Each structure stands twice: as structure tokens, then as C-alpha cells.
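Participant: This is the structure I want to talk about, given as C-alpha cells.
Values quoted throughout were computed directly from the atomic coordinates according to the rules given, and no laboratory measurement underlies them. Keep in mind that this is a model prediction, so the values were computed, not measured. So basically every Cβ, Gly included, is an ideal-geometry build from the backbone, and we count neighbours across all protein chains shown.
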Amino acid sequence: MQQPLTKKYHKSIIGTPSFSNHAQPAPSPPAITNSPQGATIPLPEHPTIWDGIVSLQNSLQPLIQNEALISRYSAHMVVLFLTVLVLTISQFELPQRTLGTIQPYNPTVPEVPLVVSSEPETAEALTLPSQLAPSSNGIFSRRAVPHIIVVAPPREEIAQYIIKTGDTVYGIAYKFNLTPETVLWSNPHLKENPHSLQVGQPINILPFDGIYHQVGGSDTIEGIAAAYKADPEAIINSSLNEIDAENPIVQIGQWIVVPGGSKPFVPPRVRSVVNYSTSAAPEDAPIGTGIMNWPVTGRISQGYFGYHPALDIESPIGTPVLSIDSGFVVGAGWDDTGYGYHVVVDHGNGLQSLYAHLQSYYLDAGETVNKGQAIGEIGMTGRSSGPHLHLEVRQGTIQLNPASYLP
């Protein structure tokens with residue numbers, strides 16, 4: 001019987017492979033007997049490239065199946081790549097720019113020939129620049145914009161002002177750049193009482209600080225100047241006074257302005273605690289701390305000055321008025337001198353506080369009161385041109401500045 005053709009794989013001594021139709025296991029290498037005793041020494045097996053690829057595939061097979069390990073190696077490779085990239089870029093030298101020397105700004109004005117014309121020129125309309133204008137050496141500068149300040153000329157006459165709701169002597173004086181005393185001294189019907197203002201009432205407004213005086217029976221210019229600590233020449237030379245400089249004589253009933261004059265201040269007499277309904281403190285009356293709080297929130301419409309030793313605080317009608325410190329009520333009710341409905345609190349430490357022009361009050365004489373307790377409501381009773389609180393702080397008969405005790 002014919003035997004099938006087969007190709008056998010033989011490996012020679014030099015490792016030349018041969019192939020057969022069927023895979024056969026590699027035969028063992030032949031032995032060489034080169035020792036004197038005839039011992040057999042096997043030749044070493046030489047690996048091929050294919051064997052290396054198979055070995056590498058077998059080694060990487062567990063690595064491919066481990067996703068966590070792949071992620072870790074990938075991160076390491078990214079970090080390594082970035083490190084190499086940074087080191088490579090750092091070897092390059094970037095071009096450097098050199099700044100030019102700063103030149104001082106030396107504006108130049110072109111020379112314009114002077115032209116003299118006998119004919120009047122027509123004034124051109126003023127145009128204001130809206131853009132920056134470059135100078136000769138490349139530096140931009142903004143052109144000057146003309147700004148005209150219109151200063152009103154000083155008044156040279158006595159003006160009349162009509163009192164409106166909410167007006168105060170302090171506010172009117174501020175409006176006309178005068179002192180509050182000048183407003184009072186220019187209007188005898190106020191009788192140096194700021195609370196005498198009435199809505200619709202006209203008052204005189206001098207153009208400067210001073211006194212508006214009506215000449216009496218024995219008055220002379222020298223006597224008037226001495227009484228008001230003023231300069232007689234200022235009275236004679238004032239354009240508001242019709243006085244002959246050659247024969248400076250004033251007539252009885254004549255009104256003259258005394259520039260810079262002032263009247264001696266006489267503190268008003270006020271009633272102390274013993275003149276009110278209650279003078280003995282209740283046994284449980286708290287003592288004030290001397291650290292006072294604001295009685296109401298609002299705008300100070302009139303501050304403290306000689307003829308107004310108090311603070312006026314504007315606030316809507318009906319706003320609760322709080323006691324600025326603890327104590328007891330020594331007086332509450334109506335007052336005919338201009339306070340209207342008012343409350344007086346004695347704080348037991350030598351100080352009193354007065355709250356005037358109230359619409360209503362909650363406490364009567366003899367009742368105790370704590371700091372911050374409501375004692376009444378804002379109103380405009382008595383002599384008041386608008387809703388506000390008139391606050392006084394007293395020590396005996398002396399009216400102190402409340403702002404010195406308030407935070």
C-alpha cells in the first residue's frame with residue numbers, strides 16, 4: 001500500500017527549520033560527544049522571533065485583563081509625557097522686547113501771527129472737545145474743558161421770607177447762609193424765641209449777619225454801635241441805611257442795619273424739678289445711667305444754639321416718643337409758653353429731659369419710666385411750624401446740649 005506523503009520538520013545543527021504537512025513537536029537537539037570520556041553534552045536551544053512574540057503575548061495577557069492596572073499605567077504615561085513636554089519647551093529662548101525710553105511731555109504751541117483788525121469780530125459758538133487730541137510727540141492728552149462758575153452777586157437789600165410748614169429758625173438761617181441769631185435779631189416780633197414762628201408769617205432776611213434795629217428816642221449811632229459791639233463807620237457806610245455821612249443823624253422810628261452787631265445772650269429761665277407737679281421720687285423709681293438713647297428716629301431740623309438750647313427732631317405725627325433714660329415723670333400736660341403737650345422726666349442723677357409738642361402722652365406725674373419706654377407721640381402742639389419733637393436736657397435750671405449725651 002502506498003504511504004501518504006508527509007513532510008517532517010527537521011532541525012539541523014545550525015537551526016535551519018523544515019516543515020511538514022502536520023505539526024510535529026520539535027525534536028531534541030543532537031548531542032555532541034567531544035569529551036575524552038565520551039560524555040554526551042546537549043546543545044542549547046536558540047529562540048526565534050516568533051517565540052518572543054508569543055512569550056510577550058502570554059506576559060501581557062494578565063495585564064490586558066486588569067483595567068485598574070491599565071488606568072494606573074496610562075496616568076503615569078500622561079504625567080511622564082507632560083514632564084518631557086515642559087522640559088522641552090523650557091529649552092527654547094523666547095524673544096524679549098525692549099521698552100523705549102519714556103519721553104517727557106513737551107507740548108508745543110504753534111506760532112500764530114497776531115492779526116489786528118479794526119472791525120468787530122463775531123464770536124463763534126463754544127464747542128467742547130469730545131475726543132483726545134494727540135500731541136506732537138505721540139502722547140495723548142485731554143484738552144481743557146471750560147467750566148464757568150456763576151457766582152451770584154451778594155444781596156444788597158433786605159429780603160422778605162414767608163414761613164412755610166416745617167420751617168425753623170435754624171433751617172432758614174442755613175438756607176440764607178446766616179446765623180440763627182441774625183434771623184431772630186432781624187425780626188423783633190420773634191422776641192428771640194425760635195418757637196414764635198408761624199406758618200404764613202413774613203420775616204426779614206438781612207444780606208449779612210447783624211442786627212436790624214429801630215431807632216429809639218435817645219439813640220445815636222455811637223450809642224447803637226456800642227450797645228451791639230459794632231463799628232459806627234460800618235453803620236454809616238452801609239448802603240442799606242439812609243444816613244448822610246457828612247451829618248450822620250438818625251430819626252426816631254427809623255430802621256437801620258447794624259453790620260456785624262450782636263446782642264448779649266441772656267439764658268432763658270426754666271422751671272426746675274421742684275416747680276413741677278411732683279418733686280419727690282417714688283420709692284421704686286429707677287436711676288438713670290447718664291448714657292442716653294435717641295427718643296425718636298428722624299432728621300434734626302434745628303440744632304442747639306443760644307436761643308434754642310434743645311434739639312428739634314422731625315418725624316411723622318403719631319410716631320412713638322421714647323424716654324432717653326430711666327427715671328420718673330415729674331410733669332405731664334399742657335404748657336402755655338409754647339411747649340404744648342409735653343412730658344418732663346427726672347432721671348434721679350441730677351438730669352432731667354423734656355419732650356415737647358406732643359400729640360398725646362401716656363404717663364402722668366409720679367409714674368416711673370424705663371429707658372426706651374414710650375411716653376407719648378409726635379405732634380405739633382404749642383408753637384410749632386411742623387411735626388417734630390423738641391428735646392431738652394436740663395441740669396437744674398441750665399439747659400444742656402442733648403447731643404453731648406446721645407450716641
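Participant: Take the conditions assigned to a loop (DSSP other than H, G, I, E, B) and either in contact with an Asp or Glu (Cβ under 7 Å, 6 or more places away or on another chain) or at negative phi (or both) and apply them to Glu192. Does it pass?
Facilitator: no
Participant: Just to be sure I understand, how many residues within segment 203-215 are within 40 Å of the chain's Cα centre (by Cα) and in a loop (DSSP other than H, G, I, E, B)?
Facilitator: 4
Participant: Continuing with this model, one more query. Taking strands (runs of 3 or more DSSP E) that do not extend beyond segment 278-361, which have at least 3 residues that are small (Gly, Ala, Ser) and closer than 17 Å to Ile375 by Cβ?
Facilitator: 327-335, 352-361
Participant: Let me ask another. Condition first: among the acidic types (Asp, Glu) and under 42 Å from the mean Cα position of the chain (by Cα). Can you find one or more residues in segment 187-202 that meet it?
Facilitator: Yes; the residues of segment 187-202 include at least one that is among the acidic types (Asp, Glu) and under 42 Å from the mean Cα position of the chain (by Cα).
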